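Read the structure below first, then the notes.
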Amino acid sequence: MRFSVLVTLFGVGAVLMAVAVVFMYGSDGSGEPRTPAEHGRRLFRLQGCASCHAIGGGISRGPDLAGLIPRLADRLTDEAYRAHLDSLQVARPDVYAFFAPRYEGIFSAQGDERIEAWFVQHLKNPRFDHFTGLMPDYDHLTEDQIERLTAFIMTLK
Ligand code: HEC
């Protein structure tokens, strides 16, 4: 009798241990995202970004995003980029007036914050600086999704 109680306790203990192990480590094997950047990496795939953007080689309809952040850092501090935006003021003053607050938002930030501000605008409407660009709008994304995608994009150094 006592022996069977022991066996039962042992069995229950083993099951509890197994549940605890699955609970603690189960997400490792299945690749469940943990950090905002990991969630962002998954969104990059789910939202179809990966169908146009390779990251470091492979077929890419849009620009390959490997090394994106240093490239953006250079672009966003380059006079030529500002001049490119200003050219819109002459060609399409109405469109320039519409986008001007976005340009202000970007240039009033510095460093990584400027890159993040640029990326948020790029998602909302990629035409704000790629005037004749082909990338679709991602204006439907939630604040959370934008934050997570941004966290992932910022890892592309
Ligand atoms: C249908 C193809 C397509 C999809 C889908 C797409 N892009 Fe793009 N993306 C482009 C193209 C093409 C460009 C170049 C600029 C343009 O034409 O608008 C671009 C530009 C970019 C750039 C700027 C790259 C640079 O060097 O200037 C980033 C960052 C970017 N896309 C991120 C994303 C993210 C994040 C998603 C998903 C939320 C996404 N793209 C979805 C085609 C796409």
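The values are calculated or read from the model by the stated rules, or taken from the named source; none is laboratory data. Note that the structure is a prediction, hence the values are computed from the model and not measured. Backbone-built Cβ (ideal geometry, glycine too); neighbour counts: all protein chains shown.
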Residue within the stretch 127-141 that is in a helix (DSSP H, G or I) and either of a type outside the set (D, E, K, R) or crowded, with 16+ Cβ neighbours inside 10 Å (or both) present: yes
Those residues of the stretch 125-156 which are under 13 Å from the mean Cα position of the chain (by Cα) and charged (D, E, K, R), in sequence order: GLU143, ASP144, GLU147, ARG148
Some residue of the stretch 108-128 being in contact with a Cys (Cβ under 8 Å, 6 or more places away or on another chain), in contact (Cβ under 8 Å) with a residue 12 or more places away in the chain and not polar (S, T, N, Q): no
Answer residue from the stretch 85-141, given it is hydroxyl-bearing (Ser, Thr, Tyr) and under 25 Å from CYS49 (Cα atoms) and is farthest from the ligand (Cβ to nearest atom) among those: TYR103
Any hit, the stretch 66-86, residues being among the polar types (S, T, N, Q), assigned to a helix (DSSP H, G or I), surrounded by 12 or more Cβ atoms within 10 Å (Cβ to Cβ) and out of contact with any His (no Cβ under 7 Å at 6 or more places or on another chain): no
Neighbours by Cβ (under 6 Å, 6+ apart or cross-chain): first from the stretch 61-79, at pLDDT 95 or above; second more than 9 Å from the ligand (Cβ to nearest atom) and among the small types (Gly, Ala, Ser): ASP64/ALA54; ALA66/GLY56
Residues within the stretch 41-60 that are more than 14 Å from HIS122 (Cβ to Cβ) and free of Cβ contacts under 8 Å to residues at least 40 places away in the same chain, tallied: 12
Qualifying residues in the stretch 52-62 (those that are within 9 Å of the ligand (Cβ to nearest atom) and within 15 Å of the chain's Cα centre (by Cα)) - the one surrounded by the fewest Cβ atoms within 10 Å (Cβ to Cβ): CYS52
